[in-house]
Every structure is written in structure tokens, then in C-alpha cells.
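The values are calculated or read from the model by the stated rules, or taken from the named source; none is laboratory data. This one's a predicted model, so the numbers in the text were calculated from it and none came from an experiment. Cβ coordinates were reconstructed from backbone atoms using ideal geometry, including for glycine residues, and neighbour counts include every protein chain displayed.
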Amino acid sequence: MTVLDSRAGLAQEDARSLMAAADAVSDFCAMHKGILEDHAAHHAREIVKDWGGQRCSALFGEVRDSARGQPYARVLAALSPDALLKTFAAFWKFDRRTGELCPGRSLEALAKRAKPTTLGALELPPEAYDALHAMAGLAPLPDILPPDVTSLKPHDIDSLFEIYTAVPMPELEHRLRGHGHQRTRLLADGESLGRAVLRDAQWLARRHLDRHAVASALMARFDRPSAESSSSGTLLVSPGHARDPFHSIDVYTVHGRGTADLRVGWLPRKQIPSLAVETIRRGCFFASSITRADPAFLSKWLELR
């Protein structure tokens with residue numbers, strides 16, 4: 001805890017004491033593989049809840065400063081990636097905020113080093129399970145909704161999103177409106193997720209368009225050079241980090257492409273985060289806001305009709 005608390009900024013330790021503690025932890029891990037990680041998992045309440053989760057984020061955080069981070073790097077190197085992912089699953093089971101507290105890049109590094117059998121045995125909700133498998137390069141992020149959304153009712157769509165995310169719909173819609181870790185506003189006040197998805201799916205069906213075709217065409221535009229003009233407008237892609245609203249783990253490393261500033265003639269510009277490719281493909285969800293990228297606008301701009 002000396003190493004963890006010092007890294008989380010909860011306690012100040014001199015360099016000698018910190019190195020001694022790091023050595024002790026590393027030696028213990030070498031002699032007793034997985035024991036320390038199991039101990040941490042059994043004390044999830046203390047590590048996740050105390051101090052606003054700082055210990056949790058410190059345990060799974062990235063080491064950026066090679067000089068000051070040397071003790072922490074030694075400890076993290078001694079810990080088993082498989083055991084740490086099991087610990088993460090235990091933390092998530094206790095408090096799903098764990099996904100938001102632990103950096104996505106750190107979990108990606110652990111997932112790539114862990115055994116596929118370990119990832120397959122983790123007791124996590126679908127969204128976290130899929131996120132870790134995608135980060136490890138084992139499988140792409142799957143669709144959340146079936147191909148034919150028009151056969152569903154709004155409450156059926158809501159239920160599928162609730163099952164996938166393990167988040168009650170009021171809380172999920174609160175997140176989509178730009179609250180919590182999701183700072184990008186994707187759903188208007190008073191708008192229902194299920195109704196919005198069904199409305200857009202029906203619009204596509206009436207014009208014999210497929211959401212996967214829209215997503216593929218949009219991805220192709222993101223993958224072109226950063227500035228390109230066409231008869232339908234100009235797309236300027238700039239750096240930008242938008243979290244996927246349907247994942248507690250930050251999966252930006254899997255499909256992040258920045259943020260697009262879209263200009264068509266003299267019309268006001270639209271900002272389209274690259275995660276729109278995934279939300280459209282996986283859940284027929286077209287981000288809604290003042291700069292709504294609705295299917296009518298996108299299909300016209302992408303010259304799909």
C-alpha cells in the first residue's frame with residue numbers, strides 16, 4: 001500500500017522508502033505469483049471506494065515519468081497481467097466505475113499480454129468483455145442490435161442496450177446527454193434512446209439503406225487525407241478524444257480517428273466524432289445534438305442516395 005498510496009498522491013514517501021517498498025512487492029510477486037493480485041481483488045471495497053478510487057486508478061495507471069515512475073514500473077512489471085485482469089473484473093463487479101477509473105491504454109496493454117483463456121473466463125458484462133477482447137486484437141467489437149431494428153419496439157431496443165451495458169436506461173441516457181465521463185452530448189434532452197434509434201432505422205429502411213453501409217462510407221471518409229473537398233462538402237479531421245458511450249472502458253484505441261469538422265457550402269459546420277462510425281454500425285445510433293448528424297444528412301453528404 002505504500003507504493004500504491006504514494007502513486008495515488010495519498011501519502012508522501014522518501015525515495016529510499018519507496019524503492020524499498022517496491023523491491024519488497026516485486027520480490028513477493030516473484031515468489032508468490034498471483035497472491036497479491038488475489039488479495040487486492042478481495043479488498044475491492046477498500047481500493048475502489050477509498051479516496052475516490054485513486055488507489056484503483058493508480059494500480060492500473062500508466063507510468064509516464066521514467067525517473068519518478070521507476071518504483072511503480074518495477075511493481076507493475078512484477079504483477080501478472082492475467083491476475084491483474086481478474087482483479088479488474090472483481091473491482092468492476094463491486095463498482096462499475098472501475099472501468100472509468102482505469103485508463104484504457106493500460107487495460108489494452110494488459111489484455112494484449114494476458115492469455116486468451118483468461119479473457120474468456122472473466123465475469124464481466126458484455127460491453128467490458130467485448131472491449132477487452134477488441135483491445136487484445138482477438139475480435140472486433142460486435143453489433144449491439146440485430147440487423148433488422150425495425151421489427152423491434154422502443155422498449156425492446158432499450159432493453160438490449162441495458163443488457164449490453166449493464167446500466168439502467170435512465171443512467172445510460174443521462175450519460176448520452178453529456179454527463180459523467182461522457183462529455184460529448186449525443187442525445188437531446190427529453191429524447192428517448194429507443195425511440196431515436198427506431199426512428200432512424202425506419203428512415204433508412206424506407207430508402208432501402210443499411211446502417212452498416214452508412215458506417216462503412218463514413219469510415220472511408222475518416223480514413224482519407226485530413227482535408228478533402230468534394231461536391232458535397234469539406235471534411236477536416238482534427239485530433240479529438242471522444243469516449244464510446246456504450247462502454248465503461250475507454251475503447252478509443254480500437255476505433256478512434258479524431259473529430260471531423262464538416263462544412264457544406266455556407267451551412268453551419270457540423271462536428272462528427274469518429275465514434276459515430278461505431279455507434280451507427282453497432283447500434284443504429286446517430287448522435288443527436290444541435291449539430292445532429294442524422295441519417296438524412298449523412299446519406300446525402302456521403303452520396304448514398
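Considering every residue within the range 70-81, establish whether at least one is assigned to a loop (DSSP other than H, G, I, E, B) and not aromatic (Phe, Trp, Tyr). Reasoning before the result, please.
Going through the range 70-81, the residues assigned to a loop (DSSP other than H, G, I, E, B) turn out to be 79-80.
Checking the rest, the ones that are also not aromatic (Phe, Trp, Tyr) come to 79-80.
Yes, there is a match, as at least one residue in the range 70-81 is assigned to a loop (DSSP other than H, G, I, E, B) and not aromatic (Phe, Trp, Tyr).
Which of the following residues is at positive phi and within 20 Å of the chain's Cα centre (by Cα): 34, 104, 53?
Matching residue, one of 34, 104, 53: 53.
Output the number of the condition that residue 163 fails; it satisfies all remaining conditions of (1) closer than 30 Å to residue 114 by Cα; (2) surrounded by 14 or more Cβ atoms within 10 Å (Cβ to Cβ); (3) hydrophobic (A, V, I, L, M, F, W, C).
(2)
Give the residues of the range 145-180 that are more than 22 Å from residue 111 (Cα to Cα) and of a type in the set (Val, Ile, Thr), sorted by residue number. Break it down stepwise before answering.
First pass over the range 145-180, keeping only residues more than 22 Å from residue 111 (Cα to Cα): 145-163, 167-180.
Hits for the range 145-180 are 149, 150, 157, 163, 167.
If we scan the range 206-222, do we find a residue that is on the phi < 0 side of the Ramachandran plot, touching a strand residue (DSSP E or B) at 6+ places or on another chain (Cβ under 7 Å) and at pLDDT below 90? Walk me through how you get there before you give the answer.
To start, the set of residues in the range 206-222 that are on the phi < 0 side of the Ramachandran plot comprises 206-207, 209-222.
Add one more test, that the residue is touching a strand residue (DSSP E or B) at 6+ places or on another chain (Cβ under 7 Å), and what stays is 221-222.
Subsequent filtering for residues that are at pLDDT below 90 retains 221-222.
Scanning the range 206-222, I find at least one residue that is on the phi < 0 side of the Ramachandran plot, touching a strand residue (DSSP E or B) at 6+ places or on another chain (Cβ under 7 Å) and at pLDDT below 90, so the answer is yes.
Go through the range 16-40 and give me each residue that's more than 19 Å from residue 55 (Cα to Cα) and exposed (fewer than 13 other Cβ atoms within 10 Å of the Cβ).
Within the range 16-40, 16, 27, 30, 31, 32 meet the criteria.
For the range 78-99, enumerate the residues that are closer than 20 Å to residue 171 by Cα and either surrounded by fewer than 21 Cβ atoms within 10 Å (Cβ to Cβ) or basic (Lys, Arg) (or both).
93, 94, 95, 96, 97
Filter the range 270-305 down to the residues that are closer than 19 Å to residue 241 by Cα and modelled with pLDDT under 65, then identify the one that is surrounded by the most Cβ atoms within 10 Å (Cβ to Cβ).
288
If we keep just the residues of the range 172-216 that are among the β-branched types (Val, Ile, Thr) and in a helix (DSSP H, G or I), which is farthest from residue 145 (Cα to Cα)? Steps first, answer last, please.
Narrowing the range 172-216 to residues among the β-branched types (Val, Ile, Thr): 184, 197, 214.
Then keep just the ones that are in a helix (DSSP H, G or I); that gives 197, 214.
Details: 197: 10, 214: 16 Å.
This residue is 214.
Considering only residues that are of a type in the set (A, V, I, L, M, F, W, C), under 14 Å from the mean Cα position of the chain (by Cα) and in a helix (DSSP H, G or I), which ones fall in the range 118-171?
Scanning the range 118-171 gives 128, 131, 132, 134, 135.
Restricting attention to the range 82-102, and to residues there that are out of contact with any Lys or Arg (no Cβ under 9 Å at 6 or more places or on another chain) and outside any helix (DSSP H, G or I), which single residue is farthest from residue 62 (Cα to Cα)?
Only one residue fits best here, namely 96.
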